[in-house]
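Asks: Pasting in a structure now, in structure tokens, and then I'll have a few things to ask.
The values are calculated or read from the model by the stated rules, or taken from the named source; none is laboratory data. Bear in mind that the values here come from a model prediction, so they are computed numbers and not experimental data. Every residue, glycine among them, receives a Cβ derived from its backbone with ideal geometry; neighbour counts consider all protein chains shown. Only protein heavy atoms, including side chains, enter the accessible area calculation; ligands, DNA and RNA are left aside. Shrake-Rupley method; radii C 1.70, N 1.55, O 1.52, S 1.80 Å.
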Amino acid sequence: AWQQAVENLERVLSERDFTTWIKPIRFSHIENDSVYLSVPTLFFKEWLEEHHLKSLVDALSKTAGENVSITFIIREHDAEAEQLQPEDLIIKGHEENEQIKDPSPESTFTPLNYKYTFELFVSGTGNQFAHAAAMAVANNPADTYNPLFIYGGVGLGKSHLLNAIGHTIRGTSPELNVCYCSAEKFMYEMVNALRQKRMEQFRNRFRNLDVLLIDDIQFISGKVGTQEEFFHTFNALYDMHKQIVITSDKFPREILDLEERLRSRFEWGLIADIQPPDLETKIAILNKKSQITGIKLPEDVVYFLAASDTRNIRELEGMLIRLGAYSSLQSVPISLDMARETLKDILGDRRKDITVELIQKVVAEHCGLKIADLKSSKRLKNLVQARQIAIWLCRDMTKASYPDIGARFGGKDHSTVIYAAKKIDQMIKDDLKLARFVDEIKNELLK
Ligand code: ADP
């Protein structure tokens, strides 16, 4: 029945999908009404589960004449798996590659990360320009900006965009030879090629591409040999009108120990920067990630995370995952209190220098008030709100207890403090302007 199912699938799937994803699957055994199929890697398993499970179940059920379920198991590393996997599907991170003593010449290219597509990228303030440039290049390789140089801080989505370009081009022009490779990997492969006296092969490989996507180019800073080789690769591709996209954590001029001729080439095309996301973008990203991961976040927690002092999306994702894990392992729902408690360590560490006094000073400055006003009991509307914001910040950003905070706000009792903080919790959910205002003060405090 398995063989039959495979034949049926060959008819319904595209040739590429079939060869890539179905052919490498091996029938293993049947147990408790489930068909066990073995696959080469965990990545493979996840991909199949996400994209092809339904067609597989349908095809098998049809040929078996009854409804079957499928369980994927990962087979032991075998030569066959190695051969069967197209090069761009073998998951080999740098760490793993570092240990490979004698990589075959075929292992040059790193696979694209299947989660990094344009569909899963949230465009917002900070990344809009880079996003638009990446889309333009993906839709018209070598005809818009060449090279495209994307730079920005760590964890802000550079690799994501680079991979997304790769996915789009592979999808629309499968005949194009697309290579995604970190600068570190480039160097690693080059050194290996040198050692094994197969530089020619290495060069042929890199100079016969249609699209070269190089991640983290700052890595070649100070590495003279790698710069030299990359310079020639760049020229060869550029002269043949091939698309080059480069990412870096720095602007070309700021990369230390980079040859001038490379630096100027990086500036030939378009330079697009990615800046840290603003509050709304962080909220949108969290909602998207929550959808993708299935980790459901109440609205106030979304805000709490978005407004927390991370400016880096990788960290934001880390917090989401941590909450998801904690919630499922401890069987507790995710709530604001639970989030505050669970992330206390991560957030607390960065805030050790923030005191009640500092908060009072910064809030007073931002609101155009005197510190004494914050501590008073005056009931003017703008004053009450500023006081509540300050109290709210003290609760979230300092270790001070409720009575402590109350005492330093002119001797208020702790229920007033709790009320004030809850009031702001509520308001920032409904009032984006206020949320942004509070976020600004927070950023100021964290500077
Ligand atoms: P960088 O290469 O800039 O260090 P990455 O591209 O690896 O950062 O991004 C870090 C994480 O944040 C990834 O999981 C990525 O999916 C996510 N991410 C970054 N920006 C966005 C965005 N705008 N929308 C969705 N996810 C994003």
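Asks: Just wondering, is there one or more residues in region 107-120 that are closer than 19 Å to GLN218 by Cβ, within 13 Å of the ligand (Cβ to nearest atom) and modelled with pLDDT of 90 or more?
Replies: No, there is no match, as no residue in region 107-120 is closer than 19 Å to GLN218 by Cβ, within 13 Å of the ligand (Cβ to nearest atom) and modelled with pLDDT of 90 or more.
Asks: If we only count helices (runs of 4 or more DSSP H) wholly inside region 308-382, which ones have 3 or more residues that are out of contact with any His (no Cβ under 6 Å at 6 or more places or on another chain) and hydroxyl-bearing (Ser, Thr, Tyr)?
Replies: On the way: elements: 313-330, 336-342, 344-350, 356-367, 371-375.
Output list reads 313-330.
Asks: On to the next question. Given ASP88, ASP102, which one is modelled with pLDDT under 85 and under 18 Å from GLY171 (Cα atoms)? If you could, list the steps in order and put the result at the bottom.
Replies: On the way: ASP102 fails: under 18 Å from GLY171 (Cα atoms).
Being modelled with pLDDT under 85 and under 18 Å from GLY171 (Cα atoms) holds for just one of ASP88, ASP102, which is ASP88.
Asks: Can I ask one more? Could you look through region 138-154, keep only residues that are within 16 Å of the ligand (Cβ to nearest atom) and open to solvent by less than 10 Å² (accessible area, probe 1.4 Å), and pick out the one that is farthest from LEU212 (Cα to Cα)? Even if it seems obvious, please write down each step before you answer.
Replies: So in region 138-154, the residues within 16 Å of the ligand (Cβ to nearest atom) come out as 138, 148-154.
Add one more test, that the residue is open to solvent by less than 10 Å² (accessible area, probe 1.4 Å), and what stays is 138, 148-150, 152.
Numbers: ALA138: 12, LEU148: 11, PHE149: 12, ILE150: 14, GLY152: 19 Å.
Among those that are within 16 Å of the ligand (Cβ to nearest atom) and open to solvent by less than 10 Å² (accessible area, probe 1.4 Å), it is GLY152.
Asks: Looking at (1) aliphatic (A, V, I, L, M); (2) without any contact (Cβ under 8 Å) to a residue 12 or more places away in the chain; (3) within 22 Å of ASN113 (Cβ to Cβ), which is the only condition MET199 fails?
Replies: Just one mismatch for MET199, condition (3).
Asks: In region 278-297, is there at least one residue being in contact with a strand residue (DSSP E or B) (Cβ under 9 Å, 6 or more places away or on another chain), more than 12 Å from the ligand (Cβ to nearest atom) and not β-branched (Val, Ile, Thr)? So that I can check it myself, show each step before the final result.
Replies: At the first step, the residues of region 278-297 found to be in contact with a strand residue (DSSP E or B) (Cβ under 9 Å, 6 or more places away or on another chain) are none.
The answer is no, given that none of the residues of region 278-297 is in contact with a strand residue (DSSP E or B) (Cβ under 9 Å, 6 or more places away or on another chain), more than 12 Å from the ligand (Cβ to nearest atom) and not β-branched (Val, Ile, Thr).
Asks: Moving on. Would you please name the residue that is nearest to PHE121 (Cα to Cα), looking only at residues in region 302-327 that are at pLDDT below 90 and of a type in the set (S, T, N, Q)?
Replies: Only one residue fits best here, namely ASN312.
Asks: Would a scan of region 404-426 turn up a residue that is within 23 Å of PRO298 (Cα to Cα), at pLDDT below 90, open to solvent by 20 Å² or more (accessible area, probe 1.4 Å) and within 31 Å of the chain's Cα centre (by Cα)?
Replies: Kept after step one, since they are within 23 Å of PRO298 (Cα to Cα), are these residues of region 404-426: 418-426.
Filter again for at pLDDT below 90, leaving 425-426.
In the following step, the residues that additionally are open to solvent by 20 Å² or more (accessible area, probe 1.4 Å) were identified as 425-426.
Filter once more, so that each one left must be within 31 Å of the chain's Cα centre (by Cα): 425-426.
Yes, the conditions are met somewhere in region 404-426.
Asks: Restricting to region 137-151, name every residue that is assigned to a strand (DSSP E or B) and within 18 Å of ARG170 (Cβ to Cβ). Walk me through it before giving the result.
Replies: Of region 137-151, the ones assigned to a strand (DSSP E or B) are 148-151.
Selection gives LEU148 alone.
Asks: Still on this structure: Filter region 392-403 for residues that are over 17 Å from LEU305 (Cβ atoms) and not β-branched (Val, Ile, Thr); which is most open to solvent (accessible area, probe 1.4 Å)? Steps first, please.
Replies: From region 392-403, those over 17 Å from LEU305 (Cβ atoms) are 394, 398-403; that's our starting set.
Now narrow it down to the ones that are not β-branched (Val, Ile, Thr): 394, 399-403.
Working: CYS394: 0, LYS399: 181, ALA400: 23, SER401: 52, TYR402: 76, PRO403: 80 Å².
Per the stated criteria, the residue is LYS399.
Asks: Can you name every residue in region 213-232 that is more than 28 Å from the chain's Cα centre (by Cα) and open to solvent by less than 50 Å² (accessible area, probe 1.4 Å)? Explain how you work it out, then say what you get.
Replies: Initially, region 213-232 is screened for residues more than 28 Å from the chain's Cα centre (by Cα), giving 224-225, 228-229, 231-232.
Of everything in region 213-232, those that are more than 28 Å from the chain's Cα centre (by Cα) and open to solvent by less than 50 Å² (accessible area, probe 1.4 Å) turn out to be GLY225, GLU229, PHE231.
Asks: Any residue at all in region 157-167 that's surrounded by 18 or more Cβ atoms within 10 Å (Cβ to Cβ) and away from the ligand (no atom under 16 Å from the Cβ)?
Replies: As a first pass, look at region 157-167 and keep what is surrounded by 18 or more Cβ atoms within 10 Å (Cβ to Cβ): 157-167.
Restricting the remaining residues to those that are away from the ligand (no atom under 16 Å from the Cβ) gives none.
No, region 157-167 has no match at all.
Asks: Within the group ASP210, ASP239, which residue is of a type in the set (Asp, Glu) and open to solvent by 60 Å² or more (accessible area, probe 1.4 Å)?
Replies: Numbers: ASP210 fails: open to solvent by 60 Å² or more (accessible area, probe 1.4 Å).
Only one candidate passes the filter, namely ASP239.
Asks: Which condition does LEU176 not pass, out of (1) of a type in the set (A, V, I, L, M, F, W, C); (2) open to solvent by less than 40 Å² (accessible area, probe 1.4 Å); (3) more than 16 Å from the ligand (Cβ to nearest atom), if it passes all the others?
Replies: (2)
Asks: Here's something else I'd like to know. Residues of region 179-193 being open to solvent by 10 Å² or more (accessible area, probe 1.4 Å) and of a type in the set (A, V, I, L, M, F, W, C), which ones?
Replies: MET187, MET190, VAL191
Asks: Now a separate question. For region 245-294, how many residues meet the condition of being outside any helix (DSSP H, G or I), more than 24 Å from VAL211 (Cα to Cα) and either open to solvent by 60 Å² or more (accessible area, probe 1.4 Å) or touching a Leu at 6+ places or on another chain (Cβ under 9 Å) (or both)?
Replies: Total satisfying the criteria: 5.
Asks: Would you pick out the residues in region 160-219 that are part of a helix (DSSP H, G or I) and of a type in the set (Ser, Thr, Tyr)?
Replies: Filtering region 160-219 for residues part of a helix (DSSP H, G or I) gives 160-172, 183-195, 199-207, 217-219.
Those that are part of a helix (DSSP H, G or I) and of a type in the set (Ser, Thr, Tyr): THR168, THR172, TYR188.
Asks: Would you say ILE371 is among the aliphatic types (A, V, I, L, M), open to solvent by 20 Å² or more (accessible area, probe 1.4 Å) and without any contact (Cβ under 8 Å) to a residue 60 or more places away in the chain? Full working, then the answer.
Replies: On the way: among the aliphatic types (A, V, I, L, M): yes; open to solvent by 20 Å² or more (accessible area, probe 1.4 Å): yes; without any contact (Cβ under 8 Å) to a residue 60 or more places away in the chain: yes.
Against the criterion (among the aliphatic types (A, V, I, L, M), open to solvent by 20 Å² or more (accessible area, probe 1.4 Å) and without any contact (Cβ under 8 Å) to a residue 60 or more places away in the chain), ILE371 qualifies.
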